[in-house]
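Just below is one structure, and these are the notes that go with it.
The values are calculated or read from the model by the stated rules, or taken from the named source; none is laboratory data. Being a predicted model, the structure only gives us computed values, none of them experimental. Cβ atoms come from the backbone with ideal geometry, glycine included; neighbour counts cover every protein chain shown.
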Amino acid sequence: MAPHTIQRQEQDSKGAFYVEQGGQRIAEMTYSRTSPSLIIIDHTEVGESLKGQGVGRQLLDALVAWVRATDTKVIALCPFAKAQFDKDASIRDVLRS
């Protein structure tokens, strides 16, 4: 399955990485910005049509690439994101120590 096009939106202190289909968000990982260099991942949701396709991980990978490029650190409060960081040491460099 080809990766989905992941978009990012940020307004005020809220942001999201998301997949859209027909004008509807069908998957998203949301975050809150607590400072210019720190975000908190607070929620991940993947629609039924995308379940089991690794879309949640694609959203996280997009977020990790973005925070690395922008020198931002992450706190993962979302259970899905937290579990991914726990499982995969290769992305833990973005976590706030």
Flagged pairs (Cβ under 6 angstrom, 6 or more apart or on separate chains; first in the stretch 57-74, free of Cβ contacts under 8 Å to residues at least 60 places away in the same chain and at negative phi; second outside any strand (DSSP E or B) and hydroxyl-bearing (Ser, Thr, Tyr)) are Thr72/Ser37
Being surrounded by fewer than 21 Cβ atoms within 10 Å (Cβ to Cβ), farther than 19 Å from Leu95 by Cβ and out of contact with any strand residue (DSSP E or B) (no Cβ under 8 Å at 6 or more places or on another chain) narrows it down to one of Glu48, Glu20, so name that one.
Glu48
In the stretch 1-49, what count of residues is obtained for those that are of a type in the set (Asp, Glu), without any contact (Cβ under 8 Å) to a residue 12 or more places away in the chain and within 13 Å of Trp66 (Cβ to Cβ)?
0
Just the residues that are part of a helix (DSSP H, G or I) and under 20 Å from Arg33 (Cβ atoms), please, taken from the stretch 52-71.
Leu59, Leu60, Asp61, Ala62, Leu63, Val64, Ala65, Trp66, Val67, Arg68, Ala69, Thr70
Matching residues in the stretch 14-47 - criterion: being farther than 18 Å from Arg96 by Cα and not in a strand (DSSP E or B):
Gly22, Gly23, Gly47
The residue that is surrounded by the most Cβ atoms within 10 Å (Cβ to Cβ), considering only those in the stretch 72-90 that are part of a helix (DSSP H, G or I) and of a type outside the set (A, V, I, L, M), is Gln84
Any residue that is at pLDDT 95 or above, among the basic types (Lys, Arg) and touching a Phe, Trp or Tyr at 6+ places or on another chain (Cβ under 7 Å) - is there at least one of those in the stretch 1-14?
yes
Before we move on, is Ala65 modelled with pLDDT under 95 and surrounded by fewer than 18 Cβ atoms within 10 Å (Cβ to Cβ)?
no
